[in-house]
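FYI, it's all coordinate maths here, none of it is from the lab. This is a predicted model, so every value here is computed, not measured. Note: ideal-geometry Cβ built from the backbone for every residue, glycine included; neighbour counts use all protein chains shown.
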Amino acid sequence: MVIMSMFILKALEHLKPSDNCLVGKAPENRDKNRYRDILPYDKTRVVVGENQDYINASYIRMQVGDEEFFYISCQGPLPSTVQTFWQMIWENKSDVVSMMTEEVERGRIKCHKYWPEKLGVPLDVGRYQLHLENQQYLEYFHIKIIRMVESETAETHFVRHLKFTHWPDHGVPHSSEQLVRFIRYLRAVHHKGPVTVHCSAGIGRTGVLICTDIILSLIENDFNIVKEMRLQRHGMIQTKEQYLFCYKVWLEVLQGILQLHGSQWQPEDPRDHKVV
């Protein structure tokens, strides 16, 4: 298990960028990036509007069995990109926005406030008017129901804004249970379009949320894997002990990765990124 984990980690460490980021580097788009060195690939970037306007956001598609996971991974909006952000939400019909950062952490701005704050007080953002319909503050995440209204057509679109509040800066949540419950709620309320996820840069906490969502699906689909095997050969995996052993293998592989994480994995420190 440890050898396998080392191989995976080494492979990830030496993984190079797979595509160009020319659009994000263009002079007219530089001020739209929160960090100069965190840019979307040209081939997976989210294109906004008829003019193919730029936003620092990427489509993430992952196939697990017959299920496709579809996300938009993006940076925390800047004051100058709030309008484009909401246009992206509208055009992609994304009905869930998952915010994985605070606006300010350790005295540093991580994300501009882009949502309406008070009931009955709409926020005008370009061609959209945002209405806060309802909100709820739970122990470790906040829920806002936002109604978008397109000014010219009066067409509406509802967005559920979920803000996870128990993620320390430059760290990980103290409890995996809280994140799992957050993801289960996210799944329950997501009905159409990609799930939009952002932190500050749109790669760290955002990546963990997306990866965890997919891992949970893999684990939960273990039963379906056995069922599919039994449809092709009767009695595959005969005993409860054998079934539980499959989960034991999962756990040991994950534990091996965790043991190596501290000594061999050298993640980038977000503080090293160049802020625009």
By average C-beta atoms within 10 angstrom, highest first, the peptides 135-145, 88-98, 155-165: 88-98, 155-165, 135-145
Once Val104 and Gln238 are pulled to full extension, the length gained, defined as 0.36 nm per residue separation minus their Cα-Cα distance, is 42.9 nm
Options Pro168, Met99, Gln129, ranked by Cα towards positive dipole end of segment 33-220, top entry (Cβ charges): Pro168
For the pair Lys227 and Gln63, what calculated FRET efficiency results from E = 1/(1 + (r/R0)^6), where r is the Cβ-Cβ distance and R0 = 30 Å, to the nearest 0.05? 0.95
Considering only DSSP beta bridges where both residues belong to segment 22-177, give the percentage that are antiparallel (nearest 5). 90 percent
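Which entries in Lys43/Lys144; Lys118/Lys163; Lys163/Lys192; Lys43/Lys248; Lys93/Lys144; Lys32/Lys163 show an alpha-carbon gap greater than 28 Å? Show your work: numbers first, answer last.
Numbers: Lys43/Lys144 32 Å; Lys118/Lys163 16 Å; Lys163/Lys192 19 Å; Lys43/Lys248 39 Å; Lys93/Lys144 17 Å; Lys32/Lys163 23 Å.
Flagged as over cut-off: Lys43/Lys144; Lys43/Lys248.
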Express in nm, to one decimal, how much length is gained between Phe70 and Arg36 on full extension, taking 0.36 nm for each residue of separation and deducting their alpha carbon distance. 9.7 nm
Could you work out how far apart the two model spin labels at Leu119 and His142 are, taking each label as a point 7 Å from the Cα in the direction of the beta carbon, and quote it in nm? 1.6 nm
Calculated FRET efficiency, Lys25 and Ser151, Cβ-Cβ r, R0 35 Å, to nearest 0.05? 0.60
Selection from Val64, Asn51, Val197 lying farthest towards where the dipole of segment 33-220 points positive, charges on Cβ: Val197
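Rounded, prolate or oblate, given the Cα gyration tensor of segment 33-220, with a/c below 1.5 counting as rounded?
Details: a/c = 1.30, a/b = 1.21, b/c = 1.07.
It comes out rounded by the Cα gyration axes.
At R0 = 25 Å, how high is the FRET efficiency between Ser80 and Thr165 if r is their beta carbon distance? Nearest 0.05 is fine. Before the final figure, lay out the partial values.
Details: r = 26 Å, r/R0 = 1.04.
Step by step, r from the Cβ atoms, then E = 0.45.
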Charges at C-beta only: +1 for Lys and Arg, -1 for Asp and Glu. How large is the resulting dipole of segment 111-168 about its Cα centre, in Debye rounded to 20? 200 debye
